[in-house]
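The next block holds one structure in the form of structure tokens; read it before the comments.
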2 protein chains.
Amino acid sequence: MSGAGRNGAGGGGSRATMQRVAAAAGVSPMTVSNTFRYPERVQEETRARVLAVAAELGYVPNLAAGHLASGSSRVVGAIIPSIRNSSFYRYVRGLQDAAAEQGHEVMISLADDAEQELAAVRTFMGWRAAGIVLVGSEHHAETAALLRAARMPTVETWVRRGAIDMCVGFSVEEATRQMVRHLVARGRRQIGFIGYSGGVARRFADRLAAFRDELGAAGLAAGLDYMAHEADGFAAGKQALEALLTRAPGLDGVICATDVIAGGVIFACQRRGIDVPGQLAVTGWGDYEIASEIVPSLTTVRPRTRDMGRTAIELLLSGREAGGPPPPPRDVGFELVCREST
Amino acid sequence: MSGAGRNGAGGGGSRATMQRVAAAAGVSPMTVSNTFRYPERVQEETRARVLAVAAELGYVPNLAAGHLASGSSRVVGAIIPSIRNSSFYRYVRGLQDAAAEQGHEVMISLADDAEQELAAVRTFMGWRAAGIVLVGSEHHAETAALLRAARMPTVETWVRRGAIDMCVGFSVEEATRQMVRHLVARGRRQIGFIGYSGGVARRFADRLAAFRDELGAAGLAAGLDYMAHEADGFAAGKQALEALLTRAPGLDGVICATDVIAGGVIFACQRRGIDVPGQLAVTGWGDYEIASEIVPSLTTVRPRTRDMGRTAIELLLSGREAGGPPPPPRDVGFELVCREST
DNA sequence: GCTGTGGTTTGTAGCGCTACAGTCACGGGG
DNA sequence: CCCCGTGACTGTAGCGCTACAAACCACAGC
């Protein structure tokens, strides 16, 4: 008598259970289960009957129960810092497509900072996700501890040195170096760098170091740099350009941390009457859609974002035996796309 | 003997269970459960001990089990068609913030078409989400049937007439009319409309009708319209502009379905040497960040995206008794933002 | 007629957690 | 001295599903 009516008024979930479907279809619960999970194990005719009854009753298998019973969920949790740009769009598509091919689902959670990321990790761990995909290698201290303690398969993306388990990315240093060489080859001598400050700052530290190093190798003075506030997008470009021009009126090239910043720089140049690339060469990062469309079109770095998503899933679901050493970092490469802005 | 080692090699989930934590802390499982769900029911001292043990064992409560036992999950499923633009970013933030305030989580799934949307709905229903938030009112036939059969609380957003349960949006007709009146007041006489074709086409039907109607009211000839392929963003603007100019060389105003299309139109104008707004006035839709930054800055419609997200959660978690009539559609309004492009 | 074969179907015993109804210790009032 | 209220904690019975082994069944071959 106790259990009766426990989940009564609840959220209005469907009243249909596997039991009920089984009874209505005149089969055992296991046959219903098999119909949904391993259709080939059930005879055509039986399956059709079960599906018909299920449809009529509006039955949708309870994944929580299934997961609890089977001990494995087919959900991959992806935590992304923002959905502001098309780079992440392609990345997520890569994740979803690859996961779908293996019969898994991707659930996304947005996290603006390490705190929110940790909360999302907790939730995904609570659901006993099959794996978790993070962006970057800067996390809350507890995040790594938690994931490791639970042996949760984890992939950090957009980086080549993971802090937790596995990772996939590309060489931002090499890309930055190529950018610098490209600008130098175009005759630029006073080159600036625009990144973001705030929580993501360290993601740009490697790029900044490579930038300085390569400038030195080219025999040029250490360039200028400006770190924009991370919440700003296009506006950051404007702000940064003003700051850099004040410090170096002869600035003739600027390397931006994202295409959006670069777009902001170009818009600011249009307002100030600065000719791009005549007076100032501008480069972006990410090859967002705007890069090819803006006037002048943007020289940028095109990471293989979609492949990164696919590779992350591949690593996650590769089923390495627990306790084994993590596979080595994967590098999906990038491409320098040269356009009108340089 | 059967159950033993069932979920053995599995995905590598944590071995820690509530039982084990309880044993290690010298309390009953219920005390552990209460420690996590209703801390105030457990004495300070006991709670601290339980939490310490849990942390040491890397225990994270199994939400699937909890959900199964309690019959209610604290997850809201949000399905969005794209994460390409910042409008959805603000919308999702609204969802997440409002949900967090009520102790719920938002899980996001990306769906490019009705098929994928249906799959995502199935998954969320499988997890017995507390509610589901969709974008628009165009769905797979089965989607509505499924949601209704299960009495799943559902909110359709960005529309004022829901097809399933509840909805929140703003008047796209009124916004479109105001756009037309604005252009007419600026002396424009040959005005075109650029929308998207494909699966989302019907989302623009209302706008197109309002556009035509308002042109008529102003005593102008029925305008031109062009439906771009939905996968294109900025590129669609270029393509559409070319098509419209071929059909009407005297075109002096164009209303675009999104800021991205409008951006594409402006870029195309820059390449063709068309002065905006001198020769051609351009309006966008959405007030994405680019709208205020592009040169010339863009006249656009600013929906209260964030409020829309918040309102959706409010509707979802308002706890109307099952079977009751759905609350009336909510209108969060919009704002016409006039800038340089007109 | 009987056994072997292989595909299909079924029973059983939990998965880890939570609701609910206790149990227990303590203490103040009658 | 007994009774009962109060607050902290515990025992039990499932939530709906799935793994596994066992049962079933039609039919071929001996």
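The values are calculated or read from the model by the stated rules, or taken from the named source; none is laboratory data. It should be emphasised that the depicted structure is a prediction, and the values quoted were computed from it without experimental measurement. Cβ placement follows ideal geometry from the backbone for every residue including glycine, while neighbour counts extend to all protein chains displayed. When the accessible area is computed, the model is the full protein with side chains, heavy atoms only, and any ligands, DNA or RNA have been set aside. Shrake-Rupley method; radii C 1.70, N 1.55, O 1.52, S 1.80 Å.
Tell me: how much accessible area in total is hidden between B and A, 1.4 Å probe, Å², nearest 100?
The B and A chains share an interface burying roughly 5800 Å².
Take the alpha-carbon positions of region B:18-61, form their convex hull, and give its projected area averaged over all directions (one quarter of the hull surface) in nm².
2.4 nm²
Using only helices, what value at 222 nm comes out for chain B when you add -39,500 (n - 2.57) per DSSP H run of length 4 or more and divide by the total residues, to the nearest 500 deg cm²/dmol?
-14000 deg cm²/dmol
Whole-Hz Karplus ³J(HN,Hα) for region B:161-174, in order, using 6.51 cos²θ - 1.76 cosθ + 1.60 and θ = phi - 60°, x for Gly and Pro?
For region B:161-174, the Karplus-derived couplings read 10, x, 9, 10, 9, 10, 7, 9, x, 8, 7, 5, 5, 4 Hz, x marking Gly and Pro.
Which parts of region B:220-241, residue by residue, lose 50 Å² or more of accessible area when the rest of the protein chains are there, as against the chain isolated (1.4 Å probe)?
Buried-area filter returns B:PHE234.
For region A:162-236, compute Rh as the Kirkwood radius over C-alpha pairs and then the Stokes-Einstein diffusion coefficient at 20 °C and 1.002 mPa s; write the answer in µm²/s, rounded to an integer.
Diffusion coefficient, whole number: 159 µm²/s.
Summarise the accessible area of region B:150-276 (1.4 Å probe, protein heavy atoms) by the percent that is carbon and sulfur.
Carbon with sulfur: 48 percent of the solvent-accessible area.
Classify the protein assembly as shown: rounded, prolate or oblate, from the alpha-carbon gyration tensor (a ≥ b ≥ c, eigenvalue square roots; a/c under 1.5 rounded; otherwise prolate if a/b is larger than b/c)?
oblate
About the Cα centre of the protein assembly as shown, what is the dipole size in debye to 20, counting +1 per Lys and Arg Cβ and -1 per Asp and Glu Cβ, all else neutral?
820 debye
Compute the label-point distances linking A:ALA218 to its equivalents in the other copies; points lie 7 Å from Cα along Cα→Cβ; give nm, one decimal, shortest first.
Result for A:ALA218, in nm, nearest copy first: 5.0.
Using only the Cα atoms of chain A, what semi-axes does the equivalent ellipsoid have when each is the square root of 5 times a gyration tensor eigenvalue? Give whole Å, largest first.
Working through the eigenvalues yields semi-axes of 51, 20, 18 Å.
Summing +1 for each Lys or Arg and -1 for each Asp or Glu, what net charge is found among the other residues whose Cβ lies under 12 Å from the Cβ of A:ARG304?
+1
If the only charges are +1 at each Lys and Arg Cβ and -1 at each Asp and Glu Cβ, what is the size of the charge dipole of region A:18-61 around the Cα centre, to the nearest 20 debye?
140 debye
Wrap a convex hull around the Cα atoms of region B:172-303, take a quarter of its surface area, and give that in square nanometres.
7.0 nm²
Applying 1/(1 + (r/R0)^6) with R0 = 60 Å to the Cβ-Cβ distance of B:GLU142 and B:ARG186, what FRET efficiency is obtained, to the nearest 0.05?
0.85
Given 0.36 nm per residue, what is the gain on full extension from A:ASP112 to A:LEU336 after removing their alpha carbon distance, in nm?
77.8 nm
Label position 7 Å from Cα toward Cβ: report the copy-to-copy distances for A:ARG186 in nm, one decimal, ordered from shortest.
3.2
Please work out the average accessible area per residue across chain B, using the 1.4 Å probe convention, and give it in Å².
Result: 41 Å² per residue.
Sort all Cα-Cα distances of region A:239-342 into consecutive 10 angstrom bins from zero, then give the percent of pairs in each bin up to the one containing the longest distance.
That works out to 14, 37, 20, 15, 10, 4, 0, in percent per bin.
Any idea what the A:PRO329 label distances to the other copies are, label 7 Å down the Cα→Cβ vector, nm, shortest first?
From this label point to the equivalent ones elsewhere in the assembly: 5.2 nm.
For region A:232-284, what does the relative contact order come out to in percent, with C-alpha contacts under 8 Å and a separation of six or more?
45 percent
Given a Förster distance of 56 Å, report the FRET efficiency between A:THR46 and B:ALA100 from their Cβ-Cβ distance, rounded to the nearest 0.05.
Step by step, r from the Cβ atoms, then E = 0.80.
Quick one: net charge around A:PRO328, please, counting Lys, Arg +1 and Asp, Glu -1 for every other residue with C-beta under 14 Å from its C-beta.
With Lys, Arg at +1 and Asp, Glu at -1, the neighbours total 0.
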